[in-house]
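Data first, discussion second: the structure below is written as structure tokens.
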Amino acid sequence: MENRSIVVIGASAGGIETLKRLFSQLPGDLPASFFVVLHLSPDSPGLLANLLNNAGPLTAKTAEQGEPILPGHVYVAPPNAHLLLRPGSVQLYRGPRESRHCPAIDLLFRSAAVAYQSQVIGAILTGFLRDGVSGLLAIKRCGGTVVVQDPQDADYPELPKNAIATLATDYQRPIGQMGQLIEQLVKGAGVPEGTLPNDVISADVLTAFQRAGPVSDLATDSRQVQADSCCPVLTKPPVIQPEQALGVAIQTLEDHANTAARLAQLERDLGRPCSAQVYQEEFSLLKAHAQVLRNLLTGANGKRASTNGRSVRLNP
């Protein structure tokens, strides 16, 4: 029997003060590790870890590539880098946005579900849109526990409402009671062995790790990540051809379309055809936009446009 020792938390608008309130409630000797994704501007100075470190007795820090996972620690995703989990270690990578965000809550949640299954507590707090909802589905599917802030208590209730409308949550609590709940879950009786993730969830996480590339290519020091965000170096802007810009736009649209297709499949697997249809329509719309851009380049005679080292075929 494993205990619930991995707590992943996602928030968007209104999240800073909400997270501070949550971590002010948690004791310093809690035998769990915490991981936080908050939607912030890529140019944010990365001060959230310091704010959470001062909010309560747990040790909060900006996550660093490859560092070990320790109990009593809070690992905060740095600006403009995805935070993922492997068994025993933290992984970072700078990659395309998912669910319109980098870092993305969904990626953290899915990687935690694959790595730790029933040991995971997934929590969604205040915010907009849906980032984190499919991640909660993955946590639930793998045997983890799902906690959502009571929408009536949230500064921005859209994200919690979307989570509640999409899946059967285990707990809904106002933020003033969520710390006590998480403490009880962590210190409570052990949980049975989790359920192995299905192929869709596993493929999503594997793709993310593959995109991350070699460890040497990643931001390995949180101070460097923050320096990149706070102190941009003034250099001559690159010369970008229209074909290159359109190629990047096509690739971005197709990345989002593929994410929508995966979410549609997850919803079908869970027996929710209405939600699946919403994601399927989003997939179709994104693919249609991508095709419009491809049609603009029909006269490019089959040339390829560079997209950060990848190439995109420009003819339809």
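The values are calculated or read from the model by the stated rules, or taken from the named source; none is laboratory data. The structure presented is a predicted model; accordingly, all values stated were derived computationally and were not measured. As a convention, Cβ positions derive from the backbone with ideal geometry for all residues, glycine included, and neighbour counts pool all protein chains shown. Note: accessible area is taken over every heavy atom of the protein model, side chains too, but ligands, DNA and RNA are not part of it. Shrake-Rupley method; radii C 1.70, N 1.55, O 1.52, S 1.80 Å.
Here are a few things to note about the model shown:
- Computed with a 1.4 Å probe over protein heavy atoms only, the accessible area of E67 comes to about 30 Å².
- A 1.4 Å probe over all protein chains sorts F35, F283 by accessible area into F283, F35, starting with the largest.
- Ligands, DNA and RNA excluded, the heavy atoms of T18 present near 10 Å² of accessible surface to a 1.4 Å solvent probe.
- Projected label points at L285 and A249, each 7 Å from Cα along the beta carbon direction, are separated by 1.8 nanometres.
- Percent carbon-and-sulfur accessible area, the stretch 48-155, ignoring ligands, DNA and RNA, probe 1.4 Å: 47
- FRET efficiency, 1/(1 + (r/R0)^6) with R0 22 Å, evaluated for T59 and S89 via beta carbons: 0.80
- Excluding ligands, DNA and RNA, the accessible surface per residue across the stretch 80-134 is 25 Å² with a 1.4 Å probe.
- Most to least accessible of R130, R97 (protein chains only, probe 1.4 Å): R97, R130
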